[in-house]
Amino acid sequence: MNQGLLGKLGMDSKMAMGYIGVLLFMMGDGLELGWLSSYLIDNGLTVQQSALLFSVYGFSVAIAAWLSGVLAEVLGPRKAMSIGVALFIAGTLVFLTVGLPTMNLAVMIPTYSLRGLGYPLFAYSFLVWLTYYAPAERLGTAVGWFWVSFAGGLNVLGAYYSSFALSYLGEMKTLWSALVFVTLGALIAILLNKDDGSNRMKFHSKAEALKYISKGITIAFERPKVGLGGIVRTINTAGAYGFVVFLPAYMMEVGFTRTEWLQIYGALWSSNVIFNLIWGIIGDKLGWRNTVMWFGGVGCAVFTAALYYIPSFMGANYMVTTLVAICFGACLAAYVPLSALIPSLAPENRGAAMSILNLGAGLSTFVGPALVGLFIGSVGTVGIIWIYTGLYLLSAFIMKFVTLPKKEETKTLDKSSIVQAVQ
């Protein structure tokens with residue numbers, strides 16, 4: 001690991017441009033997340049049609065997230081990332097020139113789904129790249145920086161940019177401007193990143209490479225701990241994706257304004273971005289599994305319940321509720337060491353292991369909202385809160401069984417112990 005300021009922060013100078021590229025790309029990808037659905041409904045789509053569009057998009061995200069790990073192995077990270085960029089740009093061009101102007105779902109669904117295929121191939125392929133390049137003793141920090149870039153672009157900078165751009169550019173021009181960020185981010189991450197990717201697996205034939213793609217599923221059964229890690233990753237952000245379906249209405253029922261809720265939600269994700277790095281560093285010191293289990297699983301369970309009960313008992317107390325949201329966002333980030341732990345469980349098949357983890361990330365976009373749709377009519381808001389709370393506690397319990405071959409139960413993980421664990 002190169003020293004200097006970047007080295008001390010856990011970001012090697014060879015990979016630094018990749019982080020910046022991911023940040024810009026995800027900023028372009030996420031700039032419409034907070035307002036596109038309402039725009040579509042205002043312009044003729046029904047709520048059900050809008051939900052269908054985003055559901056198919058989410059399915060595309062899950063598929064691409066799963067494929068990203070093995071494709072990064074088979075093709076190399078740069079090629080897999082380039083395919084992601086091409087799919088995103090192609091989908092955006094047709095979606096904006098034909099789909100949105102006509103509000104024709106037959107055009108909108110497949111073209112918006114291409115965007116959903118594009119961003120996981122770009123971002124998660126870079127994450128696989130990191131797992132091969134970063135030294136074992138700094139892997140948690142390295143993936144922490146990745147999630148800072150990913151979430152910072154997707155959930156924070158994209159949203160803040162839109163809040164200003166919409167007033168000056170309008171909806172369509174704001175959507176078009178996404179291509180500027182995506183293209184710039186892709187050029188920086190793919191062309192300016194200095195590592196040559198030589199540490200990845202090598203295949204002797206196309207047949208061998210194609211066979212390896214199946215590893216993206218079979219490894220969950222060959223290495224059950226990898227499969228368990230995928231389940232935990234699904235639970236990780238299921239609550240966050242589910243909250244946006246029902247929590248705003250609850251917060252306004254107790255007296256918050258829409259603007260106050262958006263600020264609370266923004267504080268949640270801002271905290272998440274900061275703690276993505278902090279927990280990566282802590283995970284390298286305290287232990288990856290312990291960080292996920294106690295601060296991630298148990299922490300998210302506590303603050304999920306608090307997001308309901310604090311406003312219930314204290315009313316529209318902006319400062320206290322914001323503090324709770326910040327704590328939830330911080331605990332949500334404590335799952336970051338999974339991205340270091342899971343590939344270390346299968347060091348000879350890291351891309352396949354990452355595919356399972358990435359599939360979990362994609363599936364969470366289904367599981368969170370689906371739980372709301374299935375149960376809120378029968379159990380209400382408080383029931384959904386307890387379902388999520390129970391799931392987070394379940395993830396903490398599952399982590400008891402996700403151990404490295406050489407158990408890392410000490411407070412400090414030094415370099416030699418990790419090298420033994422992955423041999």
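Of all residues in the stretch 75-84, count the ones that are assigned to a helix (DSSP H, G or I) and out of contact with any Phe, Trp or Tyr (no Cβ under 6 Å at 6 or more places or on another chain).
Pass one, the stretch 75-84, residues assigned to a helix (DSSP H, G or I): 75, 77-84.
In the following step, the residues that additionally are out of contact with any Phe, Trp or Tyr (no Cβ under 6 Å at 6 or more places or on another chain) were identified as 75, 78-80, 82-83.
Qualifying residue count for the region: 6.
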Search the stretch 14-43 for residues that are within 10 Å of A159 (Cα to Cα) and pair each with any residue that is among the acidic types (D, E) when their beta-carbon atoms are under 9 Å apart and the residues are at least 6 apart or on different chains. E32/E171; W35/E171
Of all residues being among the hydroxyl-bearing types (S, T, Y) and within 14 Å of T304 (Cα to Cα) in the stretch 224-252, which is most open to solvent (accessible area, probe 1.4 Å)? Just the residue, please. Y241
Out of the residues in the stretch 313-359 that are free of Cβ contacts under 8 Å to residues at least 60 places away in the same chain and among the polar types (S, T, N, Q), which is farthest from A142 (Cα to Cα)? N317
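Would it be correct to say that G69 is at pLDDT 85 or above and either in a helix (DSSP H, G or I) or open to solvent by 50 Å² or more (accessible area, probe 1.4 Å) (or both)? Working first, answer last.
Details: at pLDDT 85 or above: no; either in a helix (DSSP H, G or I) or open to solvent by 50 Å² or more (accessible area, probe 1.4 Å) (or both): yes.
Spelling it out, it is not the case that G69 is at pLDDT 85 or above and either in a helix (DSSP H, G or I) or open to solvent by 50 Å² or more (accessible area, probe 1.4 Å) (or both).
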When the residues of the stretch 35-48 are filtered to those that are assigned to a helix (DSSP H, G or I) and over 25 Å from the mean Cα position of the chain (by Cα), which remaining residue is surrounded by the most Cβ atoms within 10 Å (Cβ to Cβ)? I41
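Has the stretch 253-265 got any residue that is over 30 Å from A316 (Cβ atoms) and open to solvent by 10 Å² or more (accessible area, probe 1.4 Å)?
Applying the first criterion (over 30 Å from A316 (Cβ atoms)) to the stretch 253-265 yields none.
Checking the stretch 253-265: not a single residue is over 30 Å from A316 (Cβ atoms) and open to solvent by 10 Å² or more (accessible area, probe 1.4 Å).
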Determine if the stretch 125-142 includes at least one residue that is surrounded by fewer than 22 Cβ atoms within 10 Å (Cβ to Cβ), part of a helix (DSSP H, G or I) and among the hydrophobic types (A, V, I, L, M, F, W, C). yes
Test I342 against the stated conditions and say whether it is modelled with pLDDT of 90 or more, crowded, with 18+ Cβ neighbours inside 10 Å, over 16 Å from the mean Cα position of the chain (by Cα) and of a type outside the set (K, R). no
Evaluate the stretch 96-113: report whether one residue or more is outside any helix (DSSP H, G or I) and open to solvent by less than 10 Å² (accessible area, probe 1.4 Å). no
In the stretch 283-293, is there at least one residue being touching a Phe, Trp or Tyr at 6+ places or on another chain (Cβ under 8 Å), open to solvent by less than 50 Å² (accessible area, probe 1.4 Å) and closer than 19 Å to G152 by Cβ? no
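Out of all the residues in the stretch 67-87, which are farther than 17 Å from L184 by Cβ and not hydrophobic (A, V, I, L, M, F, W, C)? Give the steps one after another, and end with the answer.
Filtering the stretch 67-87 down to residues farther than 17 Å from L184 by Cβ leaves 67-77, 79-80, 83, 87.
The answer is S68, G69, E73, G76, P77, K79.
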Aromatic (F, W, Y), more than 23 Å from S271 (Cβ to Cβ), open to solvent by 40 Å² or more (accessible area, probe 1.4 Å) and assigned to a helix (DSSP H, G or I) - does that describe any residue in the stretch 153-165? no
If you go through the stretch 32-54 one residue at a time, do you hit one that is closer than 20 Å to L357 by Cα and aromatic (F, W, Y)? no
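What tally of residues in the stretch 370-405 results from selecting those that are open to solvent by 40 Å² or more (accessible area, probe 1.4 Å) and more than 26 Å from V128 (Cα to Cα)? So that I can check it myself, show each step before the final result.
Here is the first cut: in the stretch 370-405, the residues open to solvent by 40 Å² or more (accessible area, probe 1.4 Å) are 370, 373-379, 382, 386-387, 391, 393-394, 397, 400-401, 405.
Subsequent filtering for residues that are more than 26 Å from V128 (Cα to Cα) retains 370, 373-379, 382, 386-387, 391, 393-394, 397.
Here the count works out to 15.
The values are calculated or read from the model by the stated rules, or taken from the named source; none is laboratory data. Here the structure is a predicted model, which means the values were calculated and not measured. For neighbour counting, all protein chains shown are included, and Cβ atoms are generated from backbone atoms with ideal geometry for every residue, glycine included. Ligands, DNA and RNA are excluded from the accessible area calculation, which covers all protein heavy atoms including side chains. Shrake-Rupley method; radii C 1.70, N 1.55, O 1.52, S 1.80 Å.
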